[in-house]
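What follows is calculated from the coordinates using simple rules that are stated; it is not laboratory data. Only a predicted model underlies this, so the values are computations on that prediction, with no experimental measurement involved. Here the Cβ is made from the backbone with ideal geometry for all residues, glycine too, and neighbour counts use every protein chain on show.
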Amino acid sequence: MPDLIARFKRHIVVFLAVLGPGFITAMVDNDSGGIYTYSQAGARWLYLPLWTLLPITIALIVAQEMCSRMGAVTGKGLSDLIREEFGLRMTFGIMILLVLANLTNIVAEFAGVATALDIFGVSKFISVPIAAVLVWFLAVKGNYQSVEKIFLFACVIYVSYIAAGILVRPDWKEAAINSVRPQLMMDSGYITMLIAMVGTTIAPWMQFYLQAAVVEKGVTPKEYRESRFEVIVGCILTSVIAFFIIVACAGAYRDHPTDIQSAKEAALALKPFGEYAVLLFSAGLLNASVFAACILPLSTAYSVCEGLGFESGVSRTWNEAPIFYWLYTLLIVIGAGIVIIPRFPLVQMILLSQVLNGMLLPFILIFMIILINKKNLMHEWINPPAYNAVAWITVIVVIGMTLALTGITIRNPQ
Amino acid sequence: MTADKFDFLFFTETLGMPVYDLKHRRIGRVKDAAIVPLIHPARVDRFLVGAGASWLSVRYDQIASISLSDGIKLSNEKLYPYHSDEYMLRIGRDLLDQQIIDVNGRKVVRVNDVTFEIKHEERDFLVVLEVDVGIRSILRRLTQGVVPPKWVRKVQRPIEPNSIRWEFCNIVEADPLRRLRLNISHDKLELLHPADLADIVEELGPAEREAIMGTIDSEVAAEALSEIDPRMQASILEGLEPEVAADIVDEMSPDQAADALGELEDETSAEILDEMESEPLEDVKELLEYDEHTAGGMMNTEAIVLPEETTLDTAMKRLREHEDLLENTHVLFLADSIGKITGAVPLARLFLADGATQMKDLSLDRLISTTPGERESRVTELFDKYNLLALPVLQEDGTLAGVITADDVISVLRHR
C-alpha cells in the first residue's frame, strides 16, 4: 500500500513537471474564431449542437496525442521531422501555406481583442496597437518558463465562461440530454454549423506549437505517460469550456434564436442576466484573443525557421536570428494592422482563416500519421494497429468535414 | 571561392543529370551520389543511375567526363546493379535535409545542398568541397528542375553563399556500427570548448545526443555534460549504458556529479554509482546526502587546504602538485593542527610576499564561512555582501566540508 502511494505521488510530481504544452494548446483552441463559432452555434441552435462536443474531444485528443508523442520520442519539432522525411520542397510549400493561414488567424485574434474591448467602448484604434505591442514584448523579453506560467494563468481565466454559463440560468436538463443525443436535421444552416464546429477544432498551427512546446519542455519518453494524461486533461477541459460558451449563448437567446454576426452581439445578449455575465464573457474573449495572439506569431516564426534551417529563438539577438525576428514582427504588425484598417471585412477574414486552415490541415494530419508510423523514428512508440485504425478514421472524418467547410465557405462567402 | 564557374557543380545539379555510354546513348539519369569514407573522405565514389526499373552503380573510375552542359560520359560500360551498402554515405539519402555539426561555427545546421569541385585528371571526378546551408542554397533547391540549370546559377549568384567546408562537417549518426563503417570520428568535437559542445549536443535529438556523449573522450564529455541543462543531463545519463555513464561521471568534479546524479531516478543513479571508481565515488556519495538548495548541495569537496604555518615557497610547491584543481581555485584555505579552518588566502596575495612569509600572515582578516545546511538564498547573500570569490563550508567541528565558488552562485541566480 505505501508503495502504491509513493508511485502515485511520483506520478503527480512528474505530471506537474510536464504540465504546460498539451494543456495550453488545447485551451488556446478556444481562440477568438472558436468562441465566435460556438457562440453562433448556441445563439441559433440553442442546446442542439452540444452532442458534437464528444466526437470533437475525441478527434482533438487523437491529433494532440500523436504530436506530443512524436515530440517526446524524437526530441524534434514537426517542421524538423517534415523536413527530414519529406524534403525541402514539401516543407517550403507547407511553410508558405502555414504563414498565410496563421496570418489570417492572427488577424482573427486581434479582431477578437478589438471586439472584446469594443463592448466596453474602447476604440479599436487604441486597443489593438496596445495589444500588439504587449504581445510583441511578451515573447521577446520573456523566456519560455515564465511565459508558460503566464499562459497557464490565462487558462484559469477561461473559468469566466463557466461562470457566465451558470449566470444565465440555462435549462440544465436540456443541456444534459443534448450532450449525449445526436441530432441530425436536413437544414443546410444546421449542417454548416456542425461542419464548422468540427472544422475549426483542429488548426494546423496547434500541431506545430504543441510538438515544439513538448520538445522545448524537455519531455522524454520516460515522462510520456504523464504527458499524455496532461494532453487528455487539456482536451477535456477545453470541451468543458466550449460547452459553457454554447450554454451561455443558448441561455441568452432561449426566446429568440438568432444568427449572430459577432461575439459582441453574444456578449451584449447576456445583459438581461446581469452586468457580470457580460463582463465575464468579454473577459473570456479578451483573454483568449490575447493568449492566442501571443502564441501564434511566435509559433509560426519558430516552425518556419526550424523547417528551413534558419537560426531561431528568443534567446538570440536580432542580428543572430534576423529571419526569425523579422517574420515574428511582421506577422504581428500586419495582423494587427489589418484589423485597424477602417471598414475592413473582419468576418471575411475569419472565414478566410477557416478556409486556409482547412486547406492545410489534411496535409498536416496525413504527414503526422505517416511520421508516427515510421519505426526508425518512433521505435517502440509506434502506433499500435488498433490506435492506427482510430487515428485514420478520425483523420479522414476531420479532413472530410474540413474540406466540406472549405467548400461551403468558398461557395457562400456571406 | 574564386574557382572558374565550370569547375564546380552542385549536388542538386547532378540529380537528374543524364549519363551517356561510349556510343553516346543515354543510359539513365543520376538518382544519387555516394562517398565511401573509408576509401576516401571527400571523393564521390559512386553515382547511382536510374535505368528503367532498377538502379545501376557507376564507379568513379568508369567515368570519362562530367560537366553541367554535357552530363556524365562513361569510359567503361561494365555496370553493376546498385545494392545498398552500409559503407556508403549517400548524399541524397543520408546528407540532404539532415542535421550535421558545423565544428567551425560550433552549431548544428541542416544541409540544403552540397558543392563539388570537378577535378580534371586523366578522367573527371568529383570531390566534395562544402556543404551549403542558408538562403542561396534554398533558392537553388526550389528552382532546380523547374528552371534550366544555367538560369538557376544566374539567379542565385547575387545572394551571399553560406557554406561550411567539408573538413569542418561532422555527420551525426546514432548507430555505432554505421559510425564505424562511415569512418565518423569525433576528434574535432573534442577540441571544442565544453560550453560550445554542450550547445551543439542540446540541439540534437536524444539518440544522436547519446551517440556523441558516449563516444567522445570521457573527460571532454564530463565537462560538456556539466554545461548542459540538468534535465537533459539526466536524460543523457539514463540513455547511456551504466559503465559508459560512470566513466563520464567519474571525470566530473564531485559537486557537478552529485547535481547530475541527483536528477536521476534512484535506481539509475545507483546503477551508475556502482560502476564508478572508488575515489570520486566517496565524494559524490557524501554530496548526494545534501539537499540541492542548501550550501551542502552547492559546494565542491575539492579544495586546497594548507597548514597555517606553511611558507609561501612550500605553498607554491603544493600548488604545482595539484594542477588539476587550479582552474577553480581562487582561495587557499589554512587549517590548524587539528584540521580546524583558521584562515583564507586569496591567490592574488601570493604575488605580493616573499618566499619565507608564512601563509597565516597573508590570510584575510576575517574568515567568512557557512554550514552545509545553510539556505541557498543566504549563501548568495553572503557572496554579494562580502564580495566573495569562494565561501568555505565548515562542519560543526570547524573542518572543511567543501567550498562554494562564484560560478556555482551565478548558476543558481540564473535559474531562479
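Miscellaneous remarks
- Loop-located trypsin sites (Lys or Arg not before Pro) in segment B:353-412 (DSSP state not H, G, I, E or B) with no more than 13 neighbouring Cβ atoms inside 10 Å: B:Arg366.
- Comparing A:Leu270, A:Leu279, A:Leu88 in a Gaussian network model of chain A where C-alpha atoms under 10 Å apart are linked, the largest mean-square fluctuation is found at A:Leu88.
- Helical runs assigned H by DSSP (4 residues or longer) give chain A a calculated mean residue ellipticity at 222 nm of -26500 deg cm²/dmol, each run adding -39500 (n - 2.57) before division by the residue total.
- For B:Leu306, the residues whose amide H sits under 5 Å from its own are B:Phe333, B:Leu334, B:Ala335, ignoring neighbours fewer than 5 places away on the same chain, with H placed 1.01 Å from N.
- Rule-of-thumb Rg ratio for segment A:36-79 [Cα; 2.2 N^0.38 Å; N residues]: 1.70
- Shape call, chain A: gyration tensor on alpha carbons, a/c limit 1.5: rounded
- Local electrostatic count at B:Asp94 - Lys and Arg +1, Asp and Glu -1, tallied over other residues with Cβ under 14 Å: -2
- If you wrap the tightest convex hull around every Cα atom of segment B:305-414 and split its volume per residue, you get 103 Å³.
- Evaluated over segment B:3-166, the Cα radius of gyration and Dmax, each in Å: 15.4, 49
- Derived scalar couplings between HN and Hα for segment A:380-394 equal 7, 8, 4, 5, x, x, 4, 5, 4, 4, 4, 4, 4, 4, 4 Hz in order, rounded to whole Hz, by the Karplus curve 6.51 cos²θ - 1.76 cosθ + 1.60 (θ = phi - 60°), x for Gly and Pro.
- Placing +1 on the Cβ of every Lys and Arg and -1 on the Cβ of every Asp and Glu, with nothing else charged, gives segment B:3-166 a dipole about its Cα centre of roughly 480 debye.
- Computed from point charges on the beta carbon alone (+1 for Lys and Arg, -1 for Asp and Glu), the dipole magnitude for the protein assembly as shown about its Cα centre is near 5760 Debye.
- With Cα atoms, 0 to 90° folded angle of helix B:194-203 axis to chain B main axis: 50
- Of A:Gly34, A:Gly309, A:Gly22, the one that fluctuates the most in a GNM where chain A has Cα springs shorter than 10 Å: A:Gly309
- Using θ = phi - 60° in the Karplus curve 6.51 cos²θ - 1.76 cosθ + 1.60, the 3J(HN,Hα) couplings for segment B:329-345 round to 9, 10, 9, 9, 9, 10, 10, 8, 5, 9, x, 6, 6, 10, x, 9, 10 Hz; x is entered for Gly and Pro.
- In the protein assembly as shown, a dipole from Cβ-located charges (positive for Lys and Arg, negative for Asp and Glu) runs towards its positive end, and of A:Leu308, A:Val355, B:Ile118 it is A:Val355 whose Cα lies farthest in that direction.
- Along the axis of the charge dipole computed for the protein assembly as shown (Cβ charges of +1 for Lys and Arg, -1 for Asp and Glu, origin at the Cα centre), the listed residues A:Trp392, A:Leu117, A:Gln183 are led at the positive end by A:Gln183.
- Counting every other Cβ atom within 10 Å of each residue's Cβ, B:Glu77, B:Glu396 order from fewest to most as B:Glu396, B:Glu77.
- Among A:Trp51, A:Trp326, a tally of other beta-carbon atoms within 10 Å of each Cβ gives an order, fewest to most, of A:Trp326, A:Trp51.
- Among the trypsin sites (Lys or Arg not before Pro) found in segment A:276-374, those both in a DSSP coil and sparsely packed, with 12 or fewer other Cβ atoms within 10 Å of their Cβ, are A:Arg343.
- Computed FRET value (nearest 0.05) for B:Asp274 with B:Leu191, which takes r as the C-beta separation and R₀ as 30 Å: 0.40
- Bridge orientation summary for the protein assembly as shown: considering DSSP beta bridges with both residues in this region, about 90 percent are antiparallel.
- 3J(HN,Hα) couplings calculated from phi for segment B:170-187 with the Karplus curve 6.51 cos²θ - 1.76 cosθ + 1.60 (θ = phi - 60°) are, in sequence order, 10, 7, 9, 9, 7, 7, x, 5, 5, 4, 4, 5, 8, 6, 7, 10, 9, 4 Hz; Gly and Pro show x.
- Fraction of beta bridges assigned by DSSP in segment B:305-414 that are antiparallel (%, nearest 5): 75
- Which of A:Ile338, A:Tyr161, B:Thr314, positive extreme of dipole for the protein assembly as shown (C-beta unit charges): A:Ile338
- Close amide H contacts of B:Val44 (hydrogens built in the peptide plane, cut-off under 5 Å, sequence separation of 5 or more or a different chain): B:Leu126, B:Val127, B:Val128.
- Prolate/oblate/rounded label for the protein assembly as shown (Cα gyration tensor, a/c 1.5): oblate
- In segment B:305-414, Cα pairs under 8 Å separated by at least six residues give a relative contact order of 24 percent.
- Residues with amide H under 5 Å from that of B:Ile63, placed H, sequence gap 5 or more: B:Ser75
- Across A:Ala26, A:Ala17, A:Ala293, mean-square fluctuation computed from a Gaussian network of chain A (C-alpha pairs under 10 Å connected) peaks at A:Ala17.
- For chain B, the spread of Cα positions along each principal axis, largest first, Å: 95, 47, 38
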